[in-house]
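To start, the structure under review is shown below, and the notes come after it.
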Number of protein chains: 2
Amino acid sequence: MTDSTATPVRARNAARVSGTVRIVGAGLLGSSIGHALRNLGVDVALEDASPSQLRLAVDYGAGRQATGDDDPTLIVVAVPPDVTADVIERELRRYPNAVVTDVASVKLEPLNALRKRGVDLTHYIGSHPLAGRERGGAISARADIFVGRPWVVCRDEETPPADLAIVEALALDVGATPIEMTPADHDRSVALVSHVPQLVASLLAGQFVNAADESLRLAGQGVRDTTRIAASAPELWVQILDANAAPVVEVLDALASDLTTVADALRAPETPGARRSVADTIRRGNDGVGRLPGKHGQTGHFEQVVVMVDDTAGQLGRLFGELGELDVNVEDLRLEHSPGAQFGLAEISVVPSAVRRAVDGLEERGWKIASTTND
Amino acid sequence: MTDSTATPVRARNAARVSGTVRIVGAGLLGSSIGHALRNLGVDVALEDASPSQLRLAVDYGAGRQATGDDDPTLIVVAVPPDVTADVIERELRRYPNAVVTDVASVKLEPLNALRKRGVDLTHYIGSHPLAGRERGGAISARADIFVGRPWVVCRDEETPPADLAIVEALALDVGATPIEMTPADHDRSVALVSHVPQLVASLLAGQFVNAADESLRLAGQGVRDTTRIAASAPELWVQILDANAAPVVEVLDALASDLTTVADALRAPETPGARRSVADTIRRGNDGVGRLPGKHGQTGHFEQVVVMVDDTAGQLGRLFGELGELDVNVEDLRLEHSPGAQFGLAEISVVPSAVRRAVDGLEERGWKIASTTND
């Protein structure tokens, strides 16, 4: 067997964070940062209010247990939002020579709380890696969750350039892309692209609670995608939404107003402009979704080739083996199978220039191509 | 090469619809029904207002061009919603011995229109296959789009059992599952699980139109899933929403009220019950999304095994080949790659009993397992 599957994260770059990195909070984010830094040989000292979570994180290799003698260069606060400000304050006082950052998903509220308490924030730089998983805890941690994701860094005029360099080095070391933003811009942005979408998915899925089983049997892939994130755990979201209430409410109000407009138009279709208002809603949605960056963090465009496959792993093996022979790189893949049927559809995303090669080569080898996007 | 990829749709059952099936409207749905019936050897006579669409459908093998001499057993009206009632009426008058069905996604409006005109509806049975694709037209038609999907059939007290049997046979022949519902229940159900989700995705995506590029750079998979269907074409949706306005407005009003409740709670977090109201929103979403049937049309539960793979087709080939050797059937698969990184994560869904076998066998063969859901 080759070991080509074990490509180390960012093996192409040496570690840039040096000395000890202290991570307070050994949950999903804290432990994942620990794993990524340990892969680069960085000394990682972990602390967690829960001894069992801490033991687990150490056992899984996210770092060693912190001691009283540690002299960290950088401290990463990765605790729940409602205690973030307290822990930042404690760490700043305890390690006056270290740079302190946090990874909380709201940036203005902890900053305001710290300012109000008169804490010296010279060595504090708030940050937020846009990464996560559906599952939490040290046990779900993974070194690669930051790779290619944005990592927002909130510096201010007082931030020493050397401190900023350390936090940006952390982001780069774990494979993320540092993006400088003000705390207010950050909070407005995540309200729009994360917090409100969560609420919208939850509100929509909430309408299914009292629906008839028979009605829900008609659900297809569209509504499943639209409500997928409604499965998120409530505890964390209550804290996040509470901490970022003002920007979230602003987007919710705009959404509520648009919703009322379209509902009124549907209620009174003969009103001048009503049908146009419905069409505009769908069209604005087209425009808006088109502005979201693609899977690859850019608007890079792939074509889809849909291949019929038997519903067996061996068939997929043959398919991918032959795509490899054809020198076609699979950028993304979705497997759909028809419930009850003995076959499925593999929707393969490839760069446009590879479509012809893939289709011709596969058909030559006896595969049935259900469709391609450039039909 | 084996031809095992070419498993015919429902080869296990003989055709049950006999005689000629006339399909009016050779777009995606009409042509797809044509392909599925042709696969079973049924005589399919196609008609379309657009000569070029008709030619295309015939060229692709969806059926033959209809002639004045046809004596159809069954007529399938698969035209846009705004002309469905007219075409149903015309077909009923023209072929008094045939059963007429339609596949429009709203059922009450055309029925009411036909009743108001005094059309004899004895041989009309409305139906709605819950199937589709993002791409329309004869060119995107596929014999298998109905497989395993529900096909709603709206009979009434006057419907002759023999007529009902013919429409249900059509659904079964193309691989769908017939479900009897009243037109009103159908329309309320699709408002909930299809029409409102479409509007919600469009309204949410609409909020991105004027957002800063920088804000949208923070978008992740969650918001991409939530807004995916916002890319749908406006023309058809304006017709569908217009035809099903009352049930859609009912769900929209409930949603708007829930949205206002949560926005007010976030606006005034110190109000008694405010935080609980936010938590309830997320929790109700958990409950609602949990009620949606799974990919397989049931709430069947799969476990996920996440495997690190090199970003090459060959690697996936090896992975699926080896899963085949391990006798692990892949129920679903999502490939995520970390933008900029040289590897990806293949999230494989398997039945719970296969998790251990998959993980142990793959690790033995040198694969790196990033996580499993039953960690």
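Derivation of every value follows stated rules applied to the coordinates shown; laboratory data play no part. Not measured: the values here are computed from a predicted model. In this analysis, Cβ positions are derived from the backbone assuming ideal geometry, glycine residues included, and neighbour counts consider all displayed protein chains.
From the phi angles alone, apply the Karplus equation (6.51, -1.76, 1.60; θ = phi - 60°) to the stretch B:136-145 and give each ³J(HN,Hα) in whole Hz, x where the residue is Gly or Pro.
Those phi angles translate into x, x, 4, 5, 9, 4, 8, 4, 9, 5 Hz.
Spelling out what I want: for every residue of the stretch A:267-276, take phi, set θ = phi - 60°, compute 6.51 cos²θ - 1.76 cosθ + 1.60 (Karplus), and round to whole Hz; glycine and proline get x.
Once rounded to whole Hz, the list reads 5, 10, x, 7, 4, x, x, 5, 5, 5.
Dipole of the stretch B:127-239 (Lys/Arg Cβ +1, Asp/Glu Cβ -1, origin at the Cα centre): which of B:131, B:219, B:197 lies farthest to the positive side?
B:219
Using 20 Å as the cut-off for backbone N distance, which residues of the stretch A:173-215 belong to the label zone defined by a point 7 Å from the Cα of residue B:182 along Cα→Cβ?
A:210-215
Where q = 0.13, 0.18, 0.20, 0.21 Å⁻¹, what log10 of I(q)/I(0) comes from the Debye formula for the stretch A:19-124, counting one point per Cα?
Debye intensities relative to I(0), on a log10 scale: -0.43, -0.81, -0.98, -1.07.
Under the 0.36 nm per residue contour assumption, what length would be gained going from the current alpha-carbon distance of residue B:135 and residue B:210 to full extension? Could the numbers behind the result be given before it?
Working: separation 75, 0.36 × 75 = 27.00 nm, distance 2.72 nm.
Fully extending the segment from residue B:135 to residue B:210 adds 24.3 nm.
Using a/c under 1.5 as the rounded threshold, could you call the stretch B:188-290 rounded, prolate or oblate? The axes a ≥ b ≥ c are square roots of the C-alpha gyration tensor eigenvalues, and prolate needs a/b larger than b/c, oblate otherwise. Could the numbers behind the result be given before it?
Working: a/c = 2.00, a/b = 1.23, b/c = 1.63.
Oblate.
Return the whole-Å distance between the Cα centroid of the stretch B:186-265 and the Cα centroid of the stretch A:116-146.
31 Å
Among B:94, A:135, which comes first, second and so on when ranked by fewest other beta-carbon atoms within 10 Å? Write out the running numbers ahead of the final one.
Working: B:94 12, A:135 15.
With the sparsest Cβ surroundings first, the list reads B:94, A:135.
Skipping prolines and chain starts, which residues have an amide H placed within reach, meaning under 5 Å, of the one on residue A:65, given they are 5 or more residues away or on another chain?
A:46
Taking each label point as 7 Å beyond Cα in the direction of the beta carbon, state the distances from residue B:52 to the same residue in the other copies, shortest first, in nm.
List, nearest first: 6.8 nm.
How high is the relative contact order of chain A, in percent, with contacts defined as C-alpha pairs under 8 Å that are six or more residues apart? Walk me through the intermediate numbers first.
Working: 577 pairs, mean separation 43.9, N = 375.
It rounds to 12 percent for chain A.
Give me A:115, A:318, A:224 sorted ascending by neighbouring Cβ count inside 10 Å, so fewest comes first.
Sorted ascending by nearby Cβ count, the order is A:115, A:224, A:318.
What does the charge count near residue B:317 come to, summing +1 for each Lys or Arg and -1 for each Asp or Glu among other residues with Cβ under 12 Å from its Cβ? Could the numbers behind the result be given before it?
On the way: positive: A:318, B:318; negative: A:322, A:325, B:310, B:322.
Result for the neighbourhood of residue B:317: -2.
Going by the alpha-carbon gyration tensor, a ≥ b ≥ c the square roots of its eigenvalues, is chain A rounded (a/c under 1.5) or, if a/c is not under 1.5, prolate (a/b greater than b/c) versus oblate?
Values: a/c = 2.11, a/b = 1.30, b/c = 1.62.
Verdict is oblate for chain A.
Mind checking the stretch A:198-275 for GluC sites (Glu not before Pro) that DSSP puts in a loop (not H, G, I, E or B) and that have at most 13 other Cβ atoms within 10 Å? Present the calculation step by step, with values, prior to reporting the outcome.
Values: sites: A:214, A:235, A:250, A:270; in loops: A:270.
Taking the stretch A:198-275 and a limit of 13 other Cβ atoms within 10 Å, the loop GluC sites (Glu not before Pro) found are A:270.
Apply the Karplus curve 6.51 cos²θ - 1.76 cosθ + 1.60, θ = phi - 60°, to the phi angles in the stretch A:201-217 and return the couplings in whole Hz, x for Gly and Pro.
4, 5, 5, 5, 4, x, 5, 8, 4, 9, 6, 6, 3, 4, 5, 6, 4
Name the residues whose placed amide hydrogens come within less than 5 Å of the amide hydrogen of residue B:100, ignoring near sequence neighbours (fewer than 5 apart) on the same chain.
Counting only residues 5 or more places away or on other chains, the set is B:75, B:124, B:125.
Counting Lys and Arg as +1 and Asp and Glu as -1, what is the net charge of the other residues whose Cβ lies under 10 Å from the Cβ of residue B:208? Kindly include the intermediate steps, with their values, before the conclusion.
Details: positive: A:284, A:291; negative: A:287.
Residues close to residue B:208 contribute a combined charge of +1.
Based on DSSP, what percent of beta bridges with both residues in the protein assembly as shown are antiparallel, to the nearest 5?
Values: 45 of 89 bridges.
If we restrict to bridges inside the protein assembly as shown, about 50 percent are antiparallel.
Taking R0 as 25 Å, what's the FRET efficiency between residue A:254 and residue B:270 from their Cβ-Cβ distance, rounded to 0.05? All intermediate terms of the calculation are to be shown ahead of the outcome.
Details: r = 24 Å, r/R0 = 0.97.
Plugging the Cβ-Cβ distance into 1/(1 + (r/R0)^6) gives 0.55.
Roughly how many debye, to the nearest 20, is the charge dipole of the protein assembly as shown about its Cα centre, given +1 on each Lys and Arg Cβ, -1 on each Asp and Glu Cβ, and no other charges?
The calculation lands at about 0 debye.
For B:303, A:331, B:363, what's the fewest-to-most ordering of other Cβ within 10 Å of each Cβ?
Numbers: B:303 19, A:331 22, B:363 12.
With the sparsest Cβ surroundings first, the list reads B:363, B:303, A:331.
If amide hydrogens are placed 1.01 Å from N in the peptide plane, which non-local residues have theirs closer than 5 Å to the one on residue A:333?
Here A:349, B:335 satisfy the definition.
Hand me the GluC sites (Glu not before Pro) from the stretch B:150-182 located in a DSSP loop with no more than 11 other Cβ atoms within 10 Å, in residue order please. Could the numbers behind the result be given before it?
On the way: sites: B:157, B:158, B:168, B:180; in loops: B:157, B:158.
In loop regions of the stretch B:150-182 (DSSP not H, G, I, E or B), the sparsely surrounded GluC sites (Glu not before Pro) are B:157, B:158.
Would you work out the charge dipole size for chain B about its Cα centre, treating the Cβ of every Lys and Arg as +1 and the Cβ of every Asp and Glu as -1, and quote it to the nearest 20 debye? It would help to have the intermediate numbers written out before the result.
Values: 36 positive and 52 negative charges, 18 e Å.
My answer is approximately 80 debye.
Rounding to the nearest 20 debye, state how big the charge dipole of the stretch A:188-285 is about its Cα centre with +1 on each Lys and Arg Cβ and -1 on each Asp and Glu Cβ.
Numbers: 9 positive and 11 negative charges, 75 e Å.
Using only the charged Cβ atoms, the result is roughly 360 debye.
Hey, what's the Kirkwood Rh for the protein assembly as shown if you take every pair of different alpha carbons, in angstrom?
Taking the inverse mean of 1/r over all distinct Cα pairs, the protein assembly as shown comes out at 27.8 Å.
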